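The values are calculated or read from the model by the stated rules, or taken from the named source; none is laboratory data. Everything numeric here is computed off the predicted structure, so don't read it as measured data. All Cβ positions, even for glycine, are placed from backbone atoms using ideal geometry, and neighbour counts span all protein chains on display. Please note that ligands, DNA and RNA were not included when accessible areas were found on the heavy atoms of the full protein model with its side chains. Shrake-Rupley method; radii C 1.70, N 1.55, O 1.52, S 1.80 Å.
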Amino acid sequence: MRRKLVVGNWKMHGNRAANAQLLAGLKEAGPWNADVAVCVPFLYIAETALALTGASIAYGSQDVSAHEQGAYTGEVSSAMLADVGCRYAIVGHSERRAYHAESDQLVADKAKAALAHGVTPIVCVGETRAEREAGQTEAVVKRQLAAVIHTLGHCTGEMVVAYEPVWAIGTGLTATPEQAQAVHAVLRAQLHAATEHSDRVQILYGGSMNAANAASLLAQPDIDGGLIGGASLKAPDFLQIIAAAS
Ligand code: 13P
């Protein structure tokens with residue numbers, strides 16, 4: 001039985017005061033019978049680490065450079081993330097694929113760079129509304145995951161995957177548990193064909209997950225947790241999702 005994993009993706013929200021309040025609210029509630037993490041803006045990772053001292057909550061970033069080090073202005077390496085104690089790095093979020101033109105191969109290279117320093121990549125895949133309506137959902141997510149599997153090779157079993165249908169992100173439109181499970185099953189089968197460790201890969205669902213819909217999504221056999229945007233910014237909402245997972 002895989003342990004559930006609930007990850008808050010703060011995106012570009014927050015400030016020092018609000019973050020401190022949110023983290024204090026989370027810290028006093030643990031521990032849980034589930035893995036919990038927050039992925040915060042780079043700038044706030046160090047303070048998050050401090051605020052979470054002694055808590056059973058991991059933390060991570062929302063992106064990472066594919067490069068090891070060097071003249072890459074504005075980038076943050078996985079060695080740096082490991083240096084400040086990051087457990088996770090989200091890679092290939094649809095907002096980065098869309099607004100920063102990240103290709104499947106770049107996402108795969110970022111995942112590999114993260115793993116090289118012991119940071120677990122949370123690899124996001126997902127189709128747009130147009131792709132779903134054109135019947136391309138399966139082909140799109142398989143193509144996105146295939147690039148990562150090809151690049152990670154024998155380390156494929158070390159990543160976390162997040163299925164985030166683009167049409168469900170920040171829209172209040174959630175995939176139904178059956179829609180999500182169908183895609184998760186496709187991803188699980190693809191992982192199974194690639195690695196003998198597929199059973200340990202946590203596949204998260206993301207896209208308007210909230211306190212009301214979390215339990216039914218998390219009850220699906222291949223939904224191993226959630227990647228939460230908006231609902232991770234308020235401690236009571238995020239805690240209810242964690243409770244549904246644990
Ligand atoms: P929302 O939960 O706000 O829809 O965001 C989902 C997401 O993109 C998490 O990475």
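Of note:
- Residues that are in contact (Cβ under 8 Å) with a residue 40 or more places away in the chain and out of contact with any strand residue (DSSP E or B) (no Cβ under 7 Å at 6 or more places or on another chain), drawn from the stretch 190-217: GLN190, LEU191, ALA194, THR195, HIS197, SER198, ASP199, ARG200, GLY207, SER208
- Flag for VAL140 being in contact (Cβ under 8 Å) with a residue 40 or more places away in the chain and either more than 16 Å from the ligand (Cβ to nearest atom) or β-branched (Val, Ile, Thr) (or both): no
- The sole residue among ALA101, ALA71, ALA82 that is more than 20 Å from LEU227 (Cβ to Cβ) and open to solvent by less than 70 Å² (accessible area, probe 1.4 Å) is ALA82.
- The listed residue being at pLDDT below 95 and out of contact with any Cys (no Cβ under 9 Å at 6 or more places or on another chain), out of ALA219, ALA215, ALA182, ALA175: ALA175
- Summed over the stretch 2-17, residues that are in contact (Cβ under 8 Å) with a residue 24 or more places away in the chain and more than 11 Å from the ligand (Cβ to nearest atom) total 8.
- Flag for VAL64 being open to solvent by less than 60 Å² (accessible area, probe 1.4 Å), touching a helix residue (DSSP H, G or I) at 6+ places or on another chain (Cβ under 9 Å) and free of Cβ contacts under 8 Å to residues at least 40 places away in the same chain: no
- Each residue in the stretch 164-181 was checked for being open to solvent by 60 Å² or more (accessible area, probe 1.4 Å) and either aliphatic (A, V, I, L, M) or within 9 Å of the ligand (Cβ to nearest atom) (or both), and 4 of them qualify.
- Candidates ALA114, ALA130, filtered to the one that is loosely packed, with under 14 Cβ neighbours inside 10 Å and modelled with pLDDT of 95 or more: ALA130
So that you can scan it fast, the table gives a plain yes or no per residue for (1) under 18 Å from ALA89 (Cα atoms); (2) within 16 Å of the ligand (Cβ to nearest atom); (3) out of contact with any Asp or Glu (no Cβ under 7 Å at 6 or more places or on another chain):
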| site | (1), (2), (3) |
| --- | --- |
| ILE149 | yes, no, yes |
| SER198 | no, no, yes |
| VAL201 | yes, no, yes |
| ASN210 | no, yes, no |
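- Unmet requirement for ALA189, which otherwise passes all of (1) away from the ligand (no atom under 16 Å from the Cβ); (2) open to solvent by less than 40 Å² (accessible area, probe 1.4 Å); (3) at pLDDT 95 or above: (2)
- Residues being within 16 Å of the ligand (Cβ to nearest atom) and loosely packed, with under 15 Cβ neighbours inside 10 Å - total across the stretch 18-35: 0
- Residue within the stretch 211-219 that is out of contact with any Pro (no Cβ under 6 Å at 6 or more places or on another chain) and of a type in the set (Ser, Thr, Tyr) present: no
- In the stretch 157-181, the residues that are touching a residue at least 60 places away in the same chain (Cβ under 8 Å) reach residues that are charged (D, E, K, R) with C-beta atoms within less than 8 angstrom, at least six apart or across chains, in these pairs: VAL166/GLU127; VAL166/ARG129; ILE169/GLU95.
- Scanning the stretch 212-232 for residues that are buried (at least 20 other Cβ atoms within 10 Å of the Cβ), more than 12 Å from the ligand (Cβ to nearest atom) and hydrophobic (A, V, I, L, M, F, W, C) yields LEU218, ILE223.
- Residue selected from the stretch 88-98 under the condition among the charged types (D, E, K, R) and surrounded by 19 or more Cβ atoms within 10 Å (Cβ to Cβ), by the criterion farthest from the chain's Cα centre (by Cα): ARG97
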